[in-house]
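The numbers here are math on the coordinates, done by the rules we state, and not lab data. Being a predicted model, the structure only gives us computed values, none of them experimental. Ideal geometry is used to build each Cβ from the backbone, glycine not excepted, and the neighbour counts take in all protein chains shown.
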Amino acid sequence: MFSYEFMRNAFAAGTIIAVICGIMGVFVIARNMSFLTHTLSEIGFSGAAFGIFAGWTPLSGMLLFTVVSSVIVGQLSVRAERREAATSAISALFIGLGILFLSLANTNASYATNILFGSVIGISSSDVTQMLVLSILVLIVVLVIYRFLKFDSFDHTGALVKGLWTNTLSVTFLVLLALSVSVAAQIVGSLLIFILLTLPAATAKYFAHSVGRMMGLAILLALVGVWSGLALSYVTNYPVSFFIAAIEALFYFIALGWQHAQTAAKN
Amino acid sequence: MTSKTPILQLEHLGMTFPGHPVFNDLNLTINRGEFWSIVGENGVGKTTLMRTILHQLRPTTGKVNYLPSVNAVQIGYVPQFRNIDSEYPLTIRDFVGLNLTGWKLPWLSRGERQRVEAMLKQTGLTKLANRPIGQASGGEKQKAYLAQALVERPNLLILDESTASLDPVTKTELLDLVQQINQTLDLTVLFVTHDIPLARRYTQQFLMLTPQGTEQGAIDQLTDQKVWRGEAEHV
Ligand SMILES: Nc1ncnc2c1ncn2[C@@H]1O[C@H](COP(=O)(O)OP(=O)(O)OP(=O)(O)O)[C@@H](O)[C@H]1O
Ligand SMILES: [Mg+2]
């Protein structure tokens, strides 16, 4: 299967995505942002549709929409309870807009499914380079703010006392998340990005007890999901997102079961 | 005691939540190396006062001044409540290390790791260091919070009922540790508590909040009767 260029590109892209999602996912879980990540991916869909409508690439539209909206959501994040409702409203609005842009752009249905559910065949080597550049950018910023982000994500109370600029950190993180969503959407599709950004890290949380180990395990789980998803999709011709979703969900349920057994054994 | 250097001054400090005054015209000077107890009945505003001091709440009137400058004062705070659920993943060791933000590499330097280990030892947490803090007992959590606050070597430490869930022996051990740092390193301590005998044993000054106003003085003037006036009458 590696004799095809598109498969080599898909594996390269998948590897980049798994690494980014493993690292960012740990913060997403620690900051309780699964729901927001889901919304960002819907916004990404709308952005991609807009990109096509405007005659840009889907990725540019996606970047524009997710980054702008993440900054807005960051300003809006005053009250946790209110945020959930506000986020749902925003997400409804953007899905609607996405559908509107797609119909205005007059593209055929398969193009829409590609954006939503991802596609392996579409990935060129210039796409891979683009993703690599964006991912390295995200990684560098994470590296620079790592200790502050870690403190704020895993102990917000402590970070506040310390006088860390938690609001700036929160907006910075959202922008990084927006970039990651746009990168990951290239292969798993915008509706399923949040799987890779949440499930591997959520699973890792049950087995690893330091931030570094959680990241390592989350990357590993994401890699296993993406690689086997690609291979299975190649063999069976079924969509790659289905396999990735199924594998990551399976890992997660195993982790839950394991955790349950552990607690039961203790009592 | 050494000569007095003020590090924290509250000037005419007042705090009112919508339709609900908490405290008013509070004036207080805290000098370096002092050990204060903050007492008063439930809901009188002790936590609110601490959060105002930490700039987490903006006072309605008056000012909180740090001297000589805010930057020079490193604050350690052990809050009354914290968001750590039973599935919280980090180990006690990693939780303590979170507060080390000085050195910029993602991983802790050797010196930093030694500081964490020393702190774990001083708080009696060495054996539990690898346990996820979500699974630790209430008292063990309090110890970890204290260790985290102390690991960055603060010069002002605020303890909000941090000893309430500790057994008598552990309580003494931890306050001995705080007292030792207070004496050797001039750590200034604000200790919010309902335990008057404990306050009398460890602290030098008290600030008492009541719905009518505040009172401050040397600790030997503080008695159970004074704080629990209402109840004392019924006894
Ligand atoms: N954010 C808030 N908004 C409105 N009212 C508040 C807020 N925080 C505290 N209060 C009220 O202010 C009063 C003081 O609360 P605070 O938590 O400071 O009391 P406390 O002295 O620490 O009590 P305890 O001994 O029970 O810890 C209470 O009546 C409380 O209901
Ligand atoms: Mg309180």
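For this structure, a couple of remarks:
- Among the conditions (1) in contact (Cβ under 8 Å) with a residue 40 or more places away in the chain; (2) among the basic types (Lys, Arg); (3) more than 13 Å from ligand 2 (Cβ to nearest atom), residue B:4 misses just one, which is (1).
- Condition check for residue A:174: touching a Pro at 6+ places or on another chain (Cβ under 8 Å) and in a helix (DSSP H, G or I): no
- Residues (within 14 Å of chain A (Cβ to nearest Cβ), part of a loop (DSSP other than H, G, I, E, B) and within 16 Å of ligand 1 (Cβ to nearest atom)) located in region B:152-196: B:162
- For the criterion of being among the polar types (S, T, N, Q), within 13 Å of ligand 2 (Cβ to nearest atom), in contact with a Ser or Thr (Cβ under 9 Å, 6 or more places away or on another chain) and touching a residue at least 12 places away in the same chain (Cβ under 8 Å), residue B:9 fails.
- Lone qualifier among A:229, A:158, A:163, A:212 - being touching a Lys or Arg at 6+ places or on another chain (Cβ under 9 Å) and small (Gly, Ala, Ser): A:158
- The set of residues from region A:140-155 being out of contact with any helix residue (DSSP H, G or I) (no Cβ under 7 Å at 6 or more places or on another chain) and more than 7 Å from every other protein chain (Cβ to nearest Cβ) comprises A:140, A:144.
- Residue in region A:234-246 that is over 20 Å from the mean Cα position of the chain (by Cα), farther than 18 Å from residue A:192 by Cα and of a type in the set (A, V, I, L, M, F, W, C) present: yes
- Residue within region A:218-226 that is surrounded by 19 or more Cβ atoms within 10 Å (Cβ to Cβ) and either among the acidic types (Asp, Glu) or within 14 Å of chain B (Cβ to nearest Cβ) (or both) present: yes
- Counting only residues that are surrounded by 19 or more Cβ atoms within 10 Å (Cβ to Cβ), more than 10 Å from chain A (Cβ to nearest Cβ) and touching an Asp or Glu at 6+ places or on another chain (Cβ under 8 Å), region B:86-127 holds 1 of them.
- Region B:58-69 - residue that is crowded, with 17+ Cβ neighbours inside 10 Å and within 14 Å of chain A (Cβ to nearest Cβ) and, of those, farthest from ligand 1 (Cβ to nearest atom): B:66
- Within region B:36-47, the set of residues being near ligand 2 (Cβ under 9 Å from one of its atoms), of a type outside the set (Lys, Arg) and under 13 Å from the mean Cα position of the chain (by Cα) comprises B:47 only.
- When every residue of region B:34-57 is checked against the conditions, at least one turns out to be more than 15 Å from ligand 1 (Cβ to nearest atom), assigned to a loop (DSSP other than H, G, I, E, B) and in contact (Cβ under 8 Å) with a residue 40 or more places away in the chain.
- Residue B:4 being in contact with a His (Cβ under 8 Å, 6 or more places away or on another chain), more than 14 Å from chain A (Cβ to nearest Cβ) and surrounded by fewer than 18 Cβ atoms within 10 Å (Cβ to Cβ): no
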